[in-house]
Amino acid sequence: MDSEHIFHHVSQRFSDRLEELSGGSFTIDYHPGGDLGDWTSITEQVAQGAVQMTMTWNHSELDPRWDVAVLGYVASDWQTGRAIYGPGSVMDGVYAGIMNDLGMELLGTIPTDFTGFVVRKDVAVPVNFPADAAGFKMRVPGMPMAIERYNATGFSPVPMAFSEVHTALQTGAIDGRAYSPPSEVLMFKDVLSAYVFTRENFEHTFWVANKDWFNGLTEEQQGWLKTAATEAVTWAWENAEAESKVWLDKIRAEGIEVVELSPEQLATYRDLVVAAEYPYMEAIIGKGTMDQIKAAAGMN
């Protein structure tokens, strides 16, 4: 992500604090903007130890359980988002277990925002589901649960690498991009007409380190790193919500319509997502974990 994304601000705070705590003996070789490759390949490099640390999204090709991170309509607002996904939450423990199995140490989860989908120019904006979504080619990341969600809501899902999205929107190979928080809409501003803010999942991302590398640090070094990371993550949870409105205002200022579904339209969309995803996810992570998530979300 670019220098306006919360990843960059968190990274800067972490690096500065780590240098301070270590007296300059522990510094970060920082690579913003994806110059080490696509996020999926960087995550794989961290699991293998070729890169020591990254901020990433759920990578279901490494572990299908990781897709629980994008389960639809779990959090209803920022307060419940933090309670369910933030430091010390139920999901913090679930994620730590998944990362451990993948050879990675979870340093924290970073909030981004609720998500929606973008619509390219000259395409009708869908608001009634599933009818309006018929024939709409929706880019999704390469994860099976994305197929479940967007088939259920009436779209034609198209798995595609993030790096190909802009060109695909320009050429009409896709009509929209799913799982988009407000902070990522303007990356495609030249080809968009609308942003449909469905708030269908609360996007949070994962700060991970290679476990063997982390375990090879001294106890003092681990302490510096964990302290700096915890402070940076705490800052993110305290400040990310305020950024949401800023991004929505920027989107409107660029002439892109921000579309909010009516309560009836939103209820229908939500019901379609939950009916498709919850049984699918329960089969992967087990009833016990799903019951924990439902309880945290007030759904039991």
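Readers should treat all values here as calculations from the given coordinates under stated rules, not as data from a laboratory. Not measured: the values here are computed from a predicted model. Glycine also receives a Cβ, built like all others from the backbone with ideal geometry; neighbour counts cover every protein chain displayed.
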Using alpha carbons only, how many degrees (0 to 90, rounded to 10) separate the axis of helix 90-101 from the longest principal axis of the chain?
70
Using the count of nearby Cβ atoms within 10 Å as a rough guide to exposure, how do Lys189, Lys137 rank from fewest to most?
Lys189, Lys137
Structure-based [θ]222 nm, the chain - -39500 (n - 2.57) summed over DSSP H runs of at least 4, per residue, nearest 500:
-14500 deg cm²/dmol
Order by protection proxy (mean Cβ within 10 Å, highest first), peptides 256-268, 103-115, 164-176, 68-80
103-115, 68-80, 164-176, 256-268
Taking Cα centroids, how far is segment 30-70 from segment 215-251 in Å?
17
Highest-MSF residue in the chain out of Gly286, Gly23, Gly154 [GNM, Cα springs under 10 Å]:
Gly23
May I ask for the distance between the Cα centers of segment 261-285 and segment 154-173, given as a whole number of Å?
23
Using packing as a proxy for protection, rank 195-204, 53-62 so that the peptide with the highest average count of other Cβ atoms within 10 Å comes first.
195-204, 53-62
Mean separation of Cα pairs under 8 Å and 6+ residues apart, divided by the residue count of the chain: what relative contact order is that in percent?
28
Rounded, prolate or oblate: which fits segment 209-300 when a ≥ b ≥ c are the square roots of the eigenvalues of the alpha-carbon gyration tensor, with rounded for a/c under 1.5 and prolate only if a/b beats b/c?
oblate
Most exposed first by the Cβ proxy, i.e. fewest other Cβ within 10 Å, how do His31, His5 rank?
His31, His5
Under the definition of Cα pairs under 8 Å and six or more residues apart, what whole-number percent is the relative contact order of segment 119-270?
28
Fewest-first sequence of Met138, Met299 by Cβ atoms within 10 Å of each Cβ:
Met299, Met138
Antiparallel DSSP beta bridges within the chain, as percent of all bridges there, nearest 5:
70
